[in-house]
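Participant: Below is the structure I would like to discuss, written out as structure tokens.
Bear in mind these aren't lab numbers, they're just calculated from the coordinates by the rules spelled out. This one's a predicted model, so the numbers in the text were calculated from it and none came from an experiment. In this analysis, Cβ positions are derived from the backbone assuming ideal geometry, glycine residues included, and neighbour counts consider all displayed protein chains.
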Amino acid sequence: MPSFKGYFEIKNLDPFTLEKAYEALKYEHGTIGYYDLPSLSSTLCADVKMSLLNSTVFFDTIAVVGIGGSSLGIKAIDRLLQASTPHAKKIVYFENSDPISIAHESSRIEFAKTLFVVISKSGGTVETLSIFKYLIAKFEIDLQDSKQIVVISDEESVLSQFADHYRLKRFVIPSNVGGRFSVLSAVGVVPLVLAGFNVEGVLDGAKNFGEKFWARKEEHLLQKAAFCVANASKFPVNVLFSYSDTFEEFGKWVVQLWGESLGKRNARGERVGLTPISLIGSVDQHSFLQLIIEGPLNKTVTFMNIEHSRDELMIPSLSLPFLEKSDFVNGESFNTLINAQCQATMQSVLQSGVSVDEITWACIDESSVGEMIMYYELLTSAAGVLLEINTYDQPGVELGKQILQGYFK
């Protein structure tokens, strides 16, 4: 179970603000669907296993065709649980309309042993459909009754109609679940179950955190949301500094969730938002840390680390001529080193006057992954109601899509 510590100033936060956020989320609970996914998707796991697992036993690769909310959450869970799920099937991702990536990823798969999972909530995502067309042509896929294609989309989307026309297996994304909040729906459940991950454990973790939140046992979440919004003009940049390469894809998921949800015009037409940045320690201590410590004081920083690593690799007690300066860590584990780097960096950031909080994972397991997904989704929703915006639309993104179509007419 992750633990949370806040080093930012919370004593001046108005208790009414926390109550306002909590009550607003309770009101949303009846209309916004992601809150209920940890419970609803348990049945979906069983359905996937019953209807698909036996027929896909000969596939050793899952090819996910989707972008943004249709892929980032899957990649995050895949990366986080890879080390503890060595038997999992390989998942390759077709996300971007970059010809270099498309050519490279398609060259890595053996068609006869690959299951293609095509994901688009709207059903009309141009990147996804264009890549899907390319794969159909490249591998000369016979679409009719194909057992190698699974479609995930809204019930009435054109992609769902396409799937029904060719009698392809498809799963539905609930209409009240937005794409970037959909990882615990069929979007994430179907490919991750088929790949062999323990998705039920992830759902249990998310459900557990949600229950604690509604019981007012996770008040730190509301405090953090209130602090970020109250200080949005002073600290418009929010940095997630994660001390493990394993968090890289999770950080990208957080960036989309936070950025696309909170960068809006509020009820008075004012531009509001909180800019997310994801860093990896200790690598980015050598790139971005200088800016945090001595650059503008316009950031908050969340430090994330893992208390216990699965791999207790040790630093040899080896002293080398001219390199004795690093001998002070000889005989320690790499996990001890990276956590010490996290703590030392956090103290240096605190001393420079930057507002900081800390999330420590006891270990990376399915339950912790589910808890952190629900934590960030709830945190985003709480910040959204305090910013007085619609957290779940993306009119700016839709405008870009309209302009894109104009280029090709």
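Participant: When Lys and Arg each count +1 and Asp and Glu each count -1, what net charge do the other residues less than 11 Å away from residue 76, Cβ to Cβ, add up to? Each step should come with its number before you reach the end.
Facilitator: Details: positive: 75, 79, 252; negative: 78, 248, 249.
It works out to a net charge of 0.
Participant: Sorted by mean Cβ packing within 10 Å, highest first, what order do the peptides 264-276, 145-157 take?
Facilitator: Working: 264-276: 14.9, 145-157: 19.2.
Order by mean packing, descending: 145-157, 264-276.
Participant: Please give the calculated 222 nm ellipticity per residue for the chain, where each DSSP H segment of at least 4 residues contributes -39500 (n - 2.57) and the sum is spread over every residue; nearest 500 deg cm²/dmol?
Facilitator: -14000 deg cm²/dmol
Participant: Relative to the first principal axis of the alpha-carbon coordinates of the chain, what is the inclination of helix 219-230, with its axis defined by its Cα atoms, in degrees from 0 to 90 and to the nearest 10?
Facilitator: Between helix and principal axis, roughly 80 degrees.
Participant: Compare the peptides 118-131, 373-386, 204-217 by average per-residue count of other Cβ atoms within 10 angstrom and give them in order, highest first. The partial results should precede the final answer.
Facilitator: Values: 118-131: 21.4, 373-386: 23.9, 204-217: 17.7.
So the peptides 118-131, 373-386, 204-217, ranked by packing, come out 373-386, 118-131, 204-217.
Participant: In which sequence would 100, 67 go, from the one with the fewest C-beta neighbours within 10 Å to the one with the most? Mind dumping the intermediate values first?
Facilitator: Values: 100 8, 67 21.
Ascending number of Cβ neighbours within 10 Å: 100, 67.
Participant: Something else about it: Could you tell me what percent of the DSSP beta bridges with both partners in the chain are antiparallel, to the nearest 5? Can you show the working numbers first?
Facilitator: Values: 7 of 44 bridges.
Antiparallel bridges: around 15 percent, rounded to the nearest 5.
Participant: Report, in debye and to the nearest 20, how large the dipole of segment 33-197 comes out about its Cα centre when Lys and Arg carry +1 and Asp and Glu carry -1 on their Cβ. Could the numbers behind the result be given before it?
Facilitator: On the way: 15 positive and 16 negative charges, 72 e Å.
It works out to roughly 340 debye.
Participant: Along Cα→Cβ, 7 Å out, is where each label goes; now give me the distance between the ones at residue 24 and residue 139 in nm to one decimal.
Facilitator: About 4.5 nm separates the two model spin labels.
Participant: Continuing with the same structure: Quick one: which of 177-186, 303-312, 253-262 comes out on top by average Cβ neighbours within 10 Å, and what's the full order, highest first? Walk me through the intermediate numbers first.
Facilitator: Working: 177-186: 25.4, 303-312: 16.5, 253-262: 22.4.
Output ranking for 177-186, 303-312, 253-262: 177-186, 253-262, 303-312.
Participant: Got a sec to turn the phi values of segment 332-343 into Karplus ³J(HN,Hα) couplings, 6.51 cos²θ - 1.76 cosθ + 1.60 with θ = phi - 60°, whole Hz, x for Gly and Pro?
Facilitator: Ordered by residue, 3J(HN,Hα) equals 8, 7, 5, 5, 4, 5, 5, 6, 5, 4, 4, 5 Hz.
Participant: Take 336, 43 and order them by how many other Cβ atoms sit within 10 Å, fewest up front.
Facilitator: On the way: 336 15, 43 9.
Starting with the residue having the fewest Cβ neighbours, the order is 43, 336.
Participant: Expressed in nm to one decimal, what extension gain is obtained for the pair residue 388 and residue 208 from 0.36 nm per residue of sequence separation less their Cα-Cα distance? Present the calculation step by step, with values, prior to reporting the outcome.
Facilitator: Numbers: separation 180, 0.36 × 180 = 64.80 nm, distance 2.79 nm.
Stretched fully, the residue 388-residue 208 segment lengthens by 62.0 nm.
Participant: While we're on this one: Which whole-number percent gives the relative contact order of segment 33-197, counting Cα pairs below 8 Å spaced six or more residues apart?
Facilitator: Working: 271 pairs, mean separation 56.0, N = 165.
Across segment 33-197, relative contact order equals 34 percent.
Participant: With a cut-off of 8 Å between alpha carbons and a minimum separation of six or more residues, what is the relative contact order of the chain in percent?
Facilitator: Details: 689 pairs, mean separation 95.5, N = 409.
Once divided by the residue count of the chain, the mean separation gives 23 percent.
Participant: Evaluate the distance, in nm, between pseudo-label points positioned 7 Å from the Cα of residue 314 and of residue 167 along their respective Cα→Cβ axes.
Facilitator: 6.2
Participant: Further, regarding this structure: Which one, 132, 162, 179, projects farthest toward the positive side of the charge dipole computed for segment 124-179 from Cβ point charges (K/R +1, D/E -1)?
Facilitator: Result: 132, furthest along the dipole toward the positive end.
Participant: Here's another thing I want to ask about it. Quick check for me: using +1 on Lys/Arg Cβ and -1 on Asp/Glu Cβ, what's the dipole size of the chain about its Cα centre, in debye to the nearest 20?
Facilitator: Details: 35 positive and 48 negative charges, 155 e Å.
Charge dipole of the chain: 740 debye, to the nearest 20.
Participant: Taking 0.36 nm per residue of sequence separation and subtracting the Cα-Cα distance, how much length would be gained by fully extending the chain between residue 96 and residue 333, in nm to one decimal? Please list the in-between numbers first.
Facilitator: Values: separation 237, 0.36 × 237 = 85.32 nm, distance 3.83 nm.
Between residue 96 and residue 333, full extension yields 81.5 nm more.
Participant: Something else: Give 217/401; 90/169; 217/252; 75/147 a once-over and call out the pairs whose C-alpha atoms are over 32 Å from each other. Intermediate values should be presented prior to the final figure.
Facilitator: Values: 217/401 42 Å; 90/169 21 Å; 217/252 28 Å; 75/147 23 Å.
Check vs 32 Å cut-off fails for 217/401.
Participant: Mind giving me the FRET efficiency for residue 403 and residue 104? R0 is 25 Å, r the Cβ-Cβ distance, nearest 0.05 is fine.
Facilitator: On the way: r = 29 Å, r/R0 = 1.15.
It comes to 0.30.
Participant: Say R0 is 30 Å: what FRET efficiency, to the nearest 0.05, do residue 256 and residue 231 get from their beta-carbon distance?
Facilitator: Calculated value: 0.85.
Participant: Then there's this: In degrees from 0 to 90, rounded to the nearest 10, what is the angle of the helix 395-407 Cα long axis to the longest principal axis of the chain?
Facilitator: Value to nearest ten degrees: 50.
Participant: Taking a ≥ b ≥ c as the square roots of the eigenvalues of the Cα gyration tensor of the chain, is the shape rounded (a/c under 1.5), prolate (a/b larger than b/c) or oblate? Spell out each step's value before the answer.
Facilitator: Values: a/c = 1.72, a/b = 1.27, b/c = 1.36.
Oblate, since a/c reaches 1.5 and b/c is not below a/b.
Participant: Choose one of 397, 326, 372: the residue whose Cα lies farthest towards the positive end of the charge dipole of segment 315-409 (beta-carbon charges +1 Lys, Arg; -1 Asp, Glu; about the Cα centre).
Facilitator: Checking the options against the dipole of segment 315-409, the answer is 397.
Participant: Shifting gears a bit: What chymotrypsin sites (Phe, Trp or Tyr not before Pro) in segment 1-102 are in a loop by DSSP, with at most 11 other Cβ atoms within 10 Å of the Cβ? Before the final figure, lay out the partial values.
Facilitator: Numbers: sites: 4, 7, 8, 16, 22, 27, 34, 35, 58, 59, 93, 94; in loops: 7, 8, 58, 59.
When the chymotrypsin sites (Phe, Trp or Tyr not before Pro) of segment 1-102 are filtered for loop state and at most 11 Cβ neighbours within 10 Å, 58 remain.
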